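One structure is given below, encoded as structure tokens.
The values are calculated or read from the model by the stated rules, or taken from the named source; none is laboratory data. The structure presented is a predicted model; accordingly, all values stated were derived computationally and were not measured. All Cβ positions, glycine included, derive from the backbone under ideal geometry; neighbour counts span all protein chains shown.
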Amino acid sequence: MTARTFKLYGHTYKSNDPVTIMAKIDGSEVFNGPVESNTLGNSWFPAHMITVPGYDINTTESVGGITLPEGGYELFSFTAPVEFTGTKTMEISVVGAAFRLTFLTANYKPVMPGLDTNNNITGSENYFGDFYYNIVDSVVIMDPISNVTINDVVQSPVRDATRQEGNWMWIIPDNSTLSCNINIMAGLIKV
């Protein structure tokens with residue numbers, strides 16, 4: 001049985017004090033430790049920012065003259081059989097500053113409708129990309145995260161017409177816990 005690797009990315013905007021994250025997948029701890037941050041400080045985080053639309057993980061952003069990886073830093077990974085289709089639960093607790101959960105990716109990427117024309121990336125062990133889609137009103141939404149709560153308060157992405165198809169980024173406030181489902185489609189192994 002081939003194992004498939006899932007990776008979670010994100011970062012914090014506070015660098016003066018330690019910021020720690022504890023993450024669980026299906027109730028088992030997969031990460032507990034410090035996370036990467038930038039040097040902008042917590043003041044850059046708008047107080048009203050709860051969720052922001054996703055961007056391409058392979059790009060960078062410049063904020064205050066500092067270039068950051070847009071998708072953040074790899075925080076942790078977990079594995080599942082490549083044939084697995086279903087849902088896993090995830091819980092992320094943050095202490096020290098707000099944390100931006102940016103992307104989840106996986107290898108053995110399945111074919112996404114109308115989007116995959118490059119046969120070199122679909123089904124590859126070495127390429128990490130989207131692993132789930134849902135079609136809503138004829139729009140393909142490639143966001144594996146659903147049923148989100150932060151401190152037991154239900155959260156919903158507010159998708160606009162220009163950025164509705166991508167992975168939603170979630171801001172987890174300091175001393176808070178995000179809980180959600182991760183929806184997974186079976187991976188594709190090239191033969």
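Of everything in region 171-191 that is surrounded by fewer than 16 Cβ atoms within 10 Å (Cβ to Cβ), within 22 Å of Tyr133 (Cβ to Cβ) and not charged (D, E, K, R), the residue that is nearest to the chain's Cα centre (by Cα) is Asn181. For region 70-106, a residue qualifies if it is within 21 Å of Lys190 (Cβ to Cβ) and buried (at least 23 other Cβ atoms within 10 Å of the Cβ), and exactly one does: Ala106.
The rows are residues; the columns are (1) part of a loop (DSSP other than H, G, I, E, B); (2) modelled with pLDDT under 90; (3) small (Gly, Ala, Ser).
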position: Met1; (1), (2), (3): yes, yes, no
position: Thr5; (1), (2), (3): no, no, no
position: Tyr9; (1), (2), (3): no, yes, no
position: Asp17; (1), (2), (3): yes, yes, no
position: Ile21; (1), (2), (3): no, no, no
position: Lys24; (1), (2), (3): no, no, no
position: Val30; (1), (2), (3): no, no, no
position: Leu40; (1), (2), (3): yes, yes, no
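Is it true that Ile121 is of a type in the set (A, V, I, L, M) and either in a strand (DSSP E or B) or modelled with pLDDT of 65 or more (or both)? Criteria not met by Ile121.
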